[in-house]
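Taking it in order: structure first as structure tokens, then the write-up.
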Amino acid sequence: MQKSKTRLFIEKQISQNLMIYIKEKQLHFLKNVLRVKLDDIISIFDGNSGEWNAKIISISKEKIALKVLKKIKEFEAQPDIWLIFAPIKLFRLNITIQKAVELGVSRFVPCKTEYSNFEKLNYKNLELNAIEASQQCERLDVPKIEKIINLQSLLENFPSDRALVFCDESDPSLPSIYEEVKSQVTNYSKWAVIIGPEGGFSAQEKNQLINKENVLRVTLGKRILRSDTAAISSLFCIQSLIDKRHPVLK
């Protein structure tokens, strides 16, 4: 047996000795990109049962057959962090999705704001992007991508037990994200960060955010960051602090 060459996300419950048939895009990846052979070992995961080794037992033009051998890693839950974002250009959004998956985001929530420039999203593309990032960074789950929602509806139904980190570029005198999250890390186990569009939030939207009791209004520094940079920077800060306080259970 050869060492595993890659990890694949399987959209079905995995169990020992299960037969799995790989088709379409994943078939092309295994067969034509990685050039796998019979008896090669592939690592697979389904998002809730852990990670498994599977053996390639047949290769044809239409499919590759895998037989699940054994579990090699127990499932680990990720920190509960949402990324709420106004849609941006596809190229930058794809990078944001990839990096946010690596940083442990559990859910993506596209949000329509007054100054949003993009409303239509290719959800299938975003889901495939999240799956690919999870495969590469050795996560054992794949974050969920919600349908787009307007900001008012989001805030009206936002759970009171989840801290909402609002990165406000308009006021550099606000506490830094590090200081504010660190001071609240014992008060919340669920987190979200909201990133506005390139034009920022309107005055009315800012008031709606500020008036929410569980909103933490922070600054990311003196410089005006692009939305993708702001998302990645804030997520790194939140994750590093809550990981210390609430380590992932194994």
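None of the figures in this text is laboratory data; all of them are computed from the coordinates on show. All values reported here derive from a predicted model rather than from experimental measurement. Cβ atoms come from the backbone with ideal geometry, glycine included; neighbour counts cover every protein chain shown.
Computed values, structure above
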{"quantity": "Cα principal axis extents for the chain, largest first, Å", "calculated": "61, 37, 31"}
{"quantity": "Neighbour net charge for Leu121 - beta-carbon separation under 11 angstrom, K R +1, D E -1", "calculated": "+1"}
{"quantity": "Pairwise FRET efficiency - Arg35 versus Ile95, Cβ, R0 = 30 Å, nearest 0.05", "calculated": "0.60"}
{"quantity": "Largest to smallest principal axis extent of the C-alpha atoms in region 23-149, angstrom", "calculated": "55, 32, 18"}
{"quantity": "Principal axis dimensions, region 92-139 - Cα atoms, whole angstrom, descending", "calculated": "37, 18, 17"}
{"quantity": "Across Lys12/Lys67; Lys89/Lys212; Lys70/Lys144, pairs whose alpha-carbon gap is larger than 19 Å", "calculated": "Lys89/Lys212; Lys70/Lys144"}
{"quantity": "Simple spin-label estimate for Glu74 and Arg107 in nanometres, 7 Å along Cα-Cβ", "calculated": "2.6"}
{"quantity": "Mean ellipticity per residue at 222 nm, deg cm²/dmol - from DSSP H runs of n ≥ 4 across the chain, formula -39500 (n - 2.57)", "calculated": "-9000 deg cm²/dmol"}
{"quantity": "Taking all pairs of distinct alpha-carbon atoms in region 116-250, Kirkwood radius in angstrom", "calculated": "16.4"}
{"quantity": "Kirkwood Rh and Cα Rg combined as Rg over Rh, evaluated for region 7-73", "calculated": "0.93"}
{"quantity": "Full-extension gain in nm, Glu146 to Asn48, via 0.36 nm per residue minus C-alpha separation", "calculated": "33.4 nm"}
{"quantity": "Whole-Hz ³J(HN,Hα) from phi, Karplus 6.51 cos²θ - 1.76 cosθ + 1.60, for region 55-65, glycine and proline x", "calculated": "9, 6, 10, 7, 9, 9, 5, 9, 6, 10, 9"}
{"quantity": "Within region 226-243, backbone nitrogen closer than 20 Å to the virtual label 7 Å beyond the Cα of Ser170 toward Cβ", "calculated": "226-228, 230-231"}
{"quantity": "Fraction of beta bridges assigned by DSSP in the chain that are antiparallel (%, nearest 5)", "calculated": "40"}
{"quantity": "Contour excess over end-to-end distance, with Cα ends at Tyr21 and Lys61 and 0.36 nm allotted per residue", "calculated": "13.2 nm"}
{"quantity": "Separation between Cα centres of region 39-105 and region 124-170, rounded to whole Å", "calculated": "17"}
{"quantity": "Label zone at Gln13, where the point sits 7 Å out along the Cα-to-Cβ direction: region 43-63 residues whose backbone N lies under 20 Å", "calculated": "44-54"}
{"quantity": "Ser189 versus Lys120: modelled label distance in nm, points set 7 Å from Cα along the beta carbon direction", "calculated": "4.3"}
